[in-house]
Every structure is written in structure tokens, then in C-alpha cells.
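Everything on this sheet refers to the single structure shown next.
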Amino acid sequence: MSERVIIDRQGEIAHVRLNRPEKHNGMDFAMLKAVIKAGRSLAKDRDLRAVLLSGNGPSFCAGLDVKSMFADPKRMAHGMAALHSPVTNMFQQWGMVWRALPVPVIACIHGNCFGAGIQLALAADIRITTPDAKLSIMEAKWGLVPDMSGMVTLRELLPADVAKELTFTGRVLSGEQAGELGLVTHVTADPEAKANELIAEMLVRSPDAIAAGKALIHDAWLADEGETLAAERRWQRKLMGRKNQRIAAKRNTEMAKSETGEATTPYEPRKLG
């Protein structure tokens, strides 16, 4: 069996590529486990600054490999048992492991992005797609509902009526249409180039500020006013006066004085997350 996920570390950036190209990166149990393992291993890396999620071959991820997942009675039983779990199950960790990662995660989408694939992309902080990609919340076509963390992430992007329409119909959207709806962040012919452009902007910021900012938005986005204000105070306390916050202030001064507009003081490894 080929390696289902390839991690290509390039300095502070991890390129995580689904690697089942002959199946359009259809998710089987091996890929499910490999994706979760990759996310958990990267979470331990304090020097990591960003992750790019993509798929090798013609598609990002065409969704659940139904034939593989349902053909084996033992795997079927395992999947059914997970639905009775009182906590986040392994299928939901497919997306949540990336949402929990304390660095920016950018999904670069091309080809097919269906079902489990779109739920993986939704778990990223930023989604960049080609105009001709095909995206769908496709579970209704199989008589199912999205259950791999998609409801946690989708509600932050779309009004309920639009989310319902896409969930009820299983309609396939182009990358352009997904951009118009706000399902993706950017639409471009070269998603990875755009991702690298965004990461370059992020790398000049404190890794702790980015980790705290990601956690703050997750805590506050759908919370009530009091909870949101409390979250602001809580995460600011974790940053104020700490080493990387002092470095950020120093770097701003250096950049203001530098003819090139660049800073030389490096950040320390991330402390948060």
C-alpha cells in the first residue's frame, strides 16, 4: 500500500499532500488514519509556522471511497460504532485535527472536492481553489448527512439557508461559484502560489499571536457578547509582555528604521498551542 499522506517540510512550512492519486484521493481507512496522524504529529512541532493541505494527482479529495469503506463488514461495524461515541470520533478528527492545529492551515483545492474532501477543506483556516474545481457537500446523494466536522466549520462561512440548500441538494459548485458564496477564500489558477504569498505575510508576525488569534476566533465567532469579550481578555493575557510579543514590538521598530523595511530579530519557537 502506498503512503496515503506525504509531509514535505520546507523550512517552517509543512506541505501535507493526500497521496492516493489513482483514486482522486478518495478517503479509505488508511487515509483517514494517516491524515489524523499527520495533524497530531505536526501539532507537536513548535517551529512549524504554517501548513498547506493539497492532493496529489487530478483532485484534492473526491470524498469517501464508498466501495472500500463499506465492503469490509469489520470496517462498517467500526464506522457504526463511532457514531455512538460520546466524544469526537475519528471521522470527525479528519477535520478537527487541523482546526486544532495552532498555526495557519491553508487548503489548496483543485479537481474534485466532494463530501469528506470538502469537510477537510472547510477545517482549514483559508481555502484557495482553482476556478474550474468542483466542490460539493455530497452526502445527500448517498442518503447521509455531513458528519466529519463539516457542521462545525460550515456554520462560520454560510447563512443557514444556503448551507441547507447545498446540504439538501448535493449540488456541485465550480470554484468560481464557491467563491461567490463565500465557501472558499480565494479563487486563482495557482492556489499554492497564492498560499505562499499569504504565508509570507504571516511569517513576519509572532507565531504566538497567530496561535492566539486562531483560538480567539474559534472561541468567539459564534459566542454571545460576554463570552466574546471574555475570550479577548483571556487570549490577550496569554500574549502581553511575553517574549514573542516583545520581539514583535522590536521588529516593528527595526522595520520602521530599516531602508529595506525588514526586521532582523527572529521570533522564538511558538509557546502557545
| Considering residues of segment 119-134 that are without any contact (Cβ under 8 Å) to a residue 60 or more places away in the chain and of a type in the set (D, E, K, R) only, the residue nearest to PRO104 (Cα to Cα) | ARG127
| remark: If we keep only residues of segment 35-59 that are within 17 Å of HIS110 (Cβ to Cβ) and among the small types (Gly, Ala, Ser), then the residue surrounded by the most Cβ atoms within 10 Å (Cβ to Cβ) is GLY55
| said: Need pairs with beta-carbon distance below 8 Å; first residue buried (at least 16 other Cβ atoms within 10 Å of the Cβ) and within segment 78-93, second assigned to a loop (DSSP other than H, G, I, E, B) and not β-branched (Val, Ile, Thr); sequence gap 6+ or separate chains. | reply: ASN89/LEU83; PHE91/ASP147; PHE91/MET148; GLN92/ASP147; GLN92/MET148; GLN92/SER149; GLN93/SER149
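Among the candidates LEU183, LEU198, single out the residue that is more than 11 Å from THR130 (Cα to Cα), assigned to a loop (DSSP other than H, G, I, E, B) and either in contact with a Gly (Cβ under 7 Å, 6 or more places away or on another chain) or not β-branched (Val, Ile, Thr) (or both).
One residue alone meets the criteria, LEU183.
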| remark: Those residues of segment 13-41 which are over 16 Å from ALA116 (Cα atoms) and either more than 17 Å from the chain's Cα centre (by Cα) or among the hydrophobic types (A, V, I, L, M, F, W, C) (or both) amount to ILE13, ALA14, VAL16, GLU22, ALA38
| Which residues, taken from segment 246-273, are in contact with a helix residue (DSSP H, G or I) (Cβ under 6 Å, 6 or more places away or on another chain) and within 16 Å of ALA211 (Cβ to Cβ)? | TYR267, GLU268, ARG270, LYS271, LEU272, GLY273
| query | Can you spot a residue in segment 116-130 that is surrounded by fewer than 24 Cβ atoms within 10 Å (Cβ to Cβ) and assigned to a strand (DSSP E or B)? | reply | yes
| Taking segment 224-273, which residues are modelled with pLDDT of 95 or more, in contact with a Ser or Thr (Cβ under 9 Å, 6 or more places away or on another chain) and among the small types (Gly, Ala, Ser)? | ALA248
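Okay, residues lined up against (1) hydrophobic (A, V, I, L, M, F, W, C); (2) at pLDDT 95 or above:
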residue: ALA34; (1), (2): yes, yes
residue: ARG40; (1), (2): no, yes
residue: ASP45; (1), (2): no, yes
residue: ALA50; (1), (2): yes, yes
residue: GLY57; (1), (2): no, yes
residue: VAL66; (1), (2): yes, no
residue: ALA71; (1), (2): yes, no
| field | Answer residue from segment 25-41, given it is in a helix (DSSP H, G or I) and in contact (Cβ under 8 Å) with a residue 60 or more places away in the chain and is nearest to ILE126 (Cα to Cα) among those | value | GLY39
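The values are calculated or read from the model by the stated rules, or taken from the named source; none is laboratory data. Computed from a predicted structure; not experimentally measured. We place every Cβ from the backbone using ideal geometry, glycine too, and count neighbours over all the protein chains shown.
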